[in-house]
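> Dropping a structure here in structure tokens format, bear with me for questions.
Laboratory data are not the source of any read-out in this text; all were calculated from the coordinates shown. Since we're looking at a predicted model, the values are computed, not measured. Cβ placement follows ideal geometry from the backbone for every residue including glycine, while neighbour counts extend to all protein chains displayed.
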Amino acid sequence: MPTYQFEAIDATTGKEIRDVIDAPTEAEAQTTIRQMGYMVTKLKVAKAKTAGAAAKKKNGRTFALGKAKTKDITLFTRQLSILQDAGLPIMRSLKVLAEMQKPGALKNALLDVTDEIEGGSTLSEAMSKSPKAFDRLYCNMIRAGETAGALEVILRRLSEFMERAQSLKRKVKGAMVYPIVVVSVAVGILTFIMLKIVPQFKKMFDDFGTELPAMTQFLIDVSNWVAAYWWTIPAIPFAFRLFLQILCKVPYFRMGWDLFSLKVVVFGQLVEKNIMSRSARTLGTLLASGVPILEALNITKETSGNMMFERLFAKVSESIRDGEAIAKPLKEYSVPPLNLGAAFFWTLIVPGAGALLYLMKYKQPVVDDLVINMVDVGEESGELDTMLYKVADVYDEEVAVLTESLTSLMEPLLIVFLGGAVGFIVIALFMPLIKLIQTLT
């Protein structure tokens, strides 16, 4: 198929346009350009597609493992929204943004999308064939925008949604950097002391043949264990994660872990509020974009990332099919069921009292009355999407405050832990020395 190079004037803005278009004949090329809202001033054959050109186009793709980064997709969505607001044709916008991308999964996906659109697919259909970059939520919102004829509005709303989600994620990750770094450095220092310093003191104590206090003997035993099994220190977290992944392959235990993560002391509130914020914003964005309520609930269920919330949204969908409103089943099914898997994880983390703690906490609902009341008001007023946005804003603020509070709380706790550990080592090593000095005196 030949490629035509054309110059035209935008009938709306009066701007001069220079671009290329593929068409079987010159007449069809002129017809397509006029349909784009341009008045043709110059049209000529630029080049015909050859096997070499096709190979070159195919070579634009590079080998990429995994999915496209959420940060890159968020930036792409914002840029596409701006180009659509400026009135640029969708194909031109996609080609421009594809050229701007670094080699990787997103660039490959955009090249595939442009090929699919040239083959006659709609934007949402083309994007749905690239799941490594565009998930079901993304494609459904694009489809809703195409149906309503307001793609630029949907893209702007989608970019705002993704930017807020990214901002919240960055805040939580940023708050975790400090404690992780401090703990890692502390473990490294203590391991060095156990491997290099304590054995020197042990050798000295053996030479004098003095009887060691219980603290010193305990420290030497720990040092011997670390010297013999130091490789288990980094292996333990990886082994636990592998064990957890294998166990969570079973849906019952995955539900148990998700319930445990929602109720664990301190961090459970952060996980619960984060999921509630993301779910409320996702559902509100989908409803505001014109996606049907049942489809919106299914997408929200898939993107919640927690089996308890997946169960909750599934039950709400079933109730809506039976003619009920959202608020009533949302309240009814927000109380978690009894799960022995959750009791097992509690017992594993808190030996002895774990099962009792679980029985005390498991009936606490995962959705607050505030959310249920606001959803109820939203249904009554016909502004459910607005109310869901407000719920998401409230929970975003609570997550930010809770994250800040946890960071402030962990700083002194980590300092106390590190100081206590170093103090114990110093006392344990110097007690025999003091006793030895007294004996010699």
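> Once you list every other residue whose beta carbon is under 10 Å from the beta carbon of Met36, what net charge do they have if Lys and Arg are +1 and Asp and Glu are -1?
Residues near Met36 contribute 0 overall.
> Tell me the trypsin sites (Lys or Arg not before Pro) within segment 271-366 that lie in a loop according to DSSP and have at most 16 other beta-carbon atoms within 10 Å.
Lys363
> Using Cα pairs closer than 8 Å and at least 6 residues apart in sequence, work out the relative contact order for segment 66-163, in percent.
This gives 34 percent for segment 66-163.
> So if each residue of separation counts as 0.36 nm, and I subtract the Cα-Cα distance between Glu379 and Arg321, what length gain in nm does that give?
Stretched fully, the Glu379-Arg321 segment lengthens by 19.3 nm.
> In addition: For the chain, what value does the Rg/Rh ratio take when both radii are computed over Cα atoms and Rh is the Kirkwood radius, given to two decimals?
1.13
> A further question follows. Does segment 200-267 come out rounded, prolate or oblate by the C-alpha gyration tensor, with a ≥ b ≥ c the root eigenvalues, rounded set by a/c under 1.5 and, if not, prolate when a/b is larger than b/c and oblate if not?
Prolate is the answer for segment 200-267, as a/c is 1.5 or above and a/b outweighs b/c.
> When Lys and Arg each count +1 and Asp and Glu each count -1, what net charge do the other residues less than 13 Å away from Val399, Cβ to Cβ, add up to?
Surrounding charge for Val399 is +2.
> Still on this structure: Counting Lys +1, Arg +1, Asp -1, Glu -1, what net charge surrounds Thr216 among other residues with beta carbon under 14 Å of its beta carbon?
So the surrounding residues net to 0.
> Pop the C-beta distance of Leu340 and Val172 into the FRET formula with R0 = 30 Å and round what comes out to the nearest 0.05.
Given R0 = 30 Å and the Cβ-Cβ separation, E is 0.50.
> DSSP loop GluC sites (Glu not before Pro) in segment 299-362 with at most 15 other Cβ atoms within 10 Å of their Cβ, which ones?
When the GluC sites (Glu not before Pro) of segment 299-362 are filtered for loop state and at most 15 Cβ neighbours within 10 Å, Glu324 remain.
> Shifting gears a bit: When ranked by the protection proxy of mean other Cβ atoms within 10 Å per residue, highest first, what sequence do the peptides 63-69, 404-410, 121-127 form?
Ranking the peptides 63-69, 404-410, 121-127 by packing returns 121-127, 404-410, 63-69.
> Under the definition of Cα pairs under 8 Å and six or more residues apart, what whole-number percent is the relative contact order of the chain?
Result for the chain is 13 percent.
> Cβ neighbours within 10 Å, averaged per peptide: list 93-101, 77-85 in order, most packed at the top.
77-85, 93-101
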